[in-house]
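**Student:** Quick one: structure below, then a few questions.
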Amino acid sequence: MTTNVDYLTAKRTIDDRALDRRVWDRFVAALPDGDDPVRIVEIGTGVGSMIARLAAWESLPSSVSYRAVDLDPACVRAARERLPRWLEAAGYDVACRSGRLVATRADGNDVTQLDVTLETADGFALEDDADAVIAAAVLDLVGLESALRSVRGLLRDGGVLYAPITFDGTTAFGPAHPLDGRIERLYHRHMDEVRDQPGSSRAGRDLLETLPESGFDVVAAGGSDWLVRPRDGDYPDDEATVVAHVLETIEGALADYPPSVLAPDVHDRWLETRRRQLERGDLVFLAHHLDVLARA
Ligand SMILES: C[S@@+](CC[C@H](N)C(=O)[O-])C[C@H]1O[C@@H](n2cnc3c(N)ncnc32)[C@H](O)[C@@H]1O
């Protein structure tokens, strides 16, 4: 079994490739760069990959106060452990001060000061007055209307919501298998109708519709598909872990259907084939997402 922390750590390189750079550039340009620290709140920070990416891609304004929250204490622990190393790799000097990470990067006369707090909390039950809220791969796991109401309350007027990697209704594998269509439909139906957790298999499109009704203007949007493919029988970095985790998630979803909907031997056959292909380095995986930037 893969852990959530392993999965979130491994997916960083896939997200790096997938992110829509036009939407990213609009987000980075929307961050004010004045004397006061820019206040960023990240909901569902996972293991802190977005903070590390913003630092590594030199996309932060000169002074940033970054509040990163996640419901899962294991994620927050992993972020606390990993972020100092990742920020150092991005050229920052990092100090831990009373639970905060204070990271500084000097490049000639340009200095970037990044102050990070990591909290275990429900990101939709916070109070803040942020310039930007980031929710990466999160808005497909929540009820959109109430989540956007909370995000609107977290942002100052004119602040931005950046919601990349919002799942949008395609989970595909190659080479083609005769059961693919049926498995995909049941997996997505599980997100929409069966699992206890809210969220939607069409969250990207739903988000585009719901934002204007929730006090936001959509500034930019684009596709950010995950494509994981082996080269010479091997997967880059730790990306096989992501595909293994997705197969486990699909297995868990299919197990919730009664045999009258899907006979266990049928889904076992499909899963065995996909796992064998992954093991051999023959399996291609694709998931469709949208990146959305909106202004409050
Ligand atoms: C798919 S992960 C994405 C993590 C990270 N943003 C990334 O892209 O690597 C979704 C994360 O959202 C967190 N999450 C879900 N609901 C949340 C909530 N109400 N408040 C804070 N975090 C939440 C989960 O614990 C999980 O770590």
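**Student:** Quick one: net charge of I43's neighbours, Cβ under 11 Å, K/R +1, D/E -1?
**Tutor:** Residues close to I43 contribute a combined charge of -4.
**Student:** If amide H atoms are built 1.01 Å from N in the plane of the peptide, which residues on other chains or at least 5 residues away come under 5 Å of the amide H of A220?
**Tutor:** L293
**Student:** If you don't mind, there's one more thing I want to ask. Can you work out the FRET efficiency for the pair T104 and R82, with r the C-beta to C-beta distance and R0 = 25 Å, to the nearest 0.05?
**Tutor:** That pair, T104 with R82, gives E of 0.85.
**Student:** Full-extension gain between A95 and T170, please, as 0.36 nm times their residue separation minus the C-alpha to C-alpha distance.
**Tutor:** Full extension of this stretch gives 22.8 nm more.
**Student:** If you average 1/r across every pair of different Cα atoms in segment 183-296 and take the reciprocal, what Kirkwood value do you get, in Å?
**Tutor:** Here the Kirkwood hydrodynamic radius works out to 16.3 Å.
**Student:** Short version: ³J(HN,Hα) in whole Hz for each residue of segment 103-112, in order, from phi by Karplus 6.51 cos²θ - 1.76 cosθ + 1.60 (θ = phi - 60°), x for Gly and Pro, what are they?
**Tutor:** Going residue by residue, I get 10, 10, 10, 10, 9, x, 7, 7, 10, 10 Hz, with x marking Gly and Pro.
**Student:** Amide H to amide H under 5 Å from D225: which residues, 5+ apart in sequence or cross-chain, H placed 1.01 Å off N in plane?
**Tutor:** H289
**Student:** Distance from a point 7 Å along Cα→Cβ of D115 to each backbone N in segment 2-39: keep the residues under 20 Å and list them by number.
**Tutor:** Flagged as within label range: 31-39.
**Student:** Shifting gears a bit: In Å and on Cα atoms, what radius of gyration and Dmax does segment 4-295 show?
**Tutor:** Answer for segment 4-295, Rg first and Dmax second: 19.7, 68 Å.
**Student:** Among V219, V47, L144, whose Cα sits farthest toward the positive end of the charge dipole of the chain (+1 at Cβ of Lys/Arg, -1 at Cβ of Asp/Glu, about the Cα centre)?
**Tutor:** V47
**Student:** For segment 64-214, what is Rg from Cα atoms divided by 2.2 N^0.38 Å, rounded to two decimals?
**Tutor:** Normalised by 2.2 N^0.38 Å, the Cα Rg of segment 64-214 equals 1.28.
**Student:** On average over all directions, what projected area in square nanometres does segment 36-116 have, based on the convex hull of its Cα atoms?
**Tutor:** Computed as one quarter of the Cα hull surface, the answer is 5.0 nm².
Quick note: the coordinates plus some simple rules give every number you see, no bench work behind them. Keep in mind that what you see is a predicted model, and the values were worked out from it rather than measured. Note that we place each Cβ from the backbone using ideal geometry, even for glycine, and neighbour counts take in every protein chain shown.
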